[in-house]
Every structure is written in C-alpha cells, then in structure tokens.
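K.L.:
Okay, here's the structure, questions in a sec.
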Amino acid sequence: MAQGEKVQHYVESLDGWLELLFLPPDSPELNPDECAWNDLKNNTIGRKQIRDPELLKSEVVRFCRYLQKTPQRVMGYFNTTTTKYAAAT
C-alpha cells in the first residue's frame, strides 16, 4: 500500500475528526508552519551567530519549548489573513 493510501485510510477511520487540506505548490504564505519557522528565524537564530550544528539544534529546541509554553503565540500562526482557513472551528 502506498504512503498516500495509508494516510487516506487513517483519515477515513477518524470519521470526520481530521480533514486534509492540500495547499498549492509554492505557497508558503498559506502554511502556518512557515509562520513558526519565520518566527524562529526572525526572533531567535537570525539574531545570533550560530557557529556549529549543536548550537543550532539547541536554539531550535529552546524555541520549540518556548512555543509549548505560549499557546497564544502558536494560535497567532493560524490567525493571519492567509492562514485563518486552517484554524480549528
């Protein structure tokens, strides 16, 4: 079974609890994940000199832990004019 078929079967097994939304190619502005990565780049690693992969990893992990403690910030990624479609209703 192809990976896509496995995903489709799983989604169908959830009886409407999950909906897949397919984004057009080359449309990062529609993807809430991109908001998180931009936040990381603009407010964390973009402001520091990252000299080795371990430092990069530790900064990314630190930022992700910060996001875990600030759900309102994460909700903001789903509240832009182009990402509101992805917010839970």
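The values are calculated or read from the model by the stated rules, or taken from the named source; none is laboratory data. Quick caveat: nothing in here was measured; it's all calculated off a predicted structure. For neighbour counting, all protein chains shown are included, and Cβ atoms are generated from backbone atoms with ideal geometry for every residue, glycine included.
K.L.:
Which residues, taken from the range 34-55, are charged (D, E, K, R) and touching a helix residue (DSSP H, G or I) at 6+ places or on another chain (Cβ under 8 Å)?
P.N.:
Here is the first cut: in the range 34-55, the ones charged (D, E, K, R) are 34, 39, 41, 47-48, 51-52, 54.
Answer for the range 34-55, where residues must be charged (D, E, K, R) and touching a helix residue (DSSP H, G or I) at 6+ places or on another chain (Cβ under 8 Å): 34, 39, 48.
K.L.:
Sticking with this structure for a sec: Being surrounded by 13 or more Cβ atoms within 10 Å (Cβ to Cβ) and either touching a Leu at 6+ places or on another chain (Cβ under 7 Å) or polar (S, T, N, Q) (or both) is the filter here; which residues of the range 61-72 pass it?
P.N.:
Within the range 61-72, 63 is the sole residue that qualifies.
Residue by residue, here is whether (1) under 21 Å from the mean Cα position of the chain (by Cα); (2) over 17 Å from residue 85 (Cβ atoms); (3) exposed (fewer than 10 other Cβ atoms within 10 Å of the Cβ) holds:
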site	(1), (2), (3)
7	yes, yes, no
12	no, yes, no
18	yes, no, no
26	yes, yes, yes
44	yes, yes, no
49	no, yes, yes
52	no, yes, yes
56	yes, yes, no
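K.L.:
Could you list, in sequence order, all residues of the range 1-17 that are of a type in the set (A, V, I, L, M) and at pLDDT 90 or above? Break it down stepwise before answering.
P.N.:
Quick first cut of the range 1-17, residues of a type in the set (A, V, I, L, M) only: 1-2, 7, 11, 14.
7, 11, 14 - these are the residues of the range 1-17 that are of a type in the set (A, V, I, L, M) and at pLDDT 90 or above.
K.L.:
Which of the residues that make up the range 68-87 are touching a residue at least 60 places away in the same chain (Cβ under 8 Å) and of a type in the set (A, V, I, L, M)?
P.N.:
Taking the range 68-87 first, the residues touching a residue at least 60 places away in the same chain (Cβ under 8 Å) are 85-86.
The one that is touching a residue at least 60 places away in the same chain (Cβ under 8 Å) and of a type in the set (A, V, I, L, M): 86.
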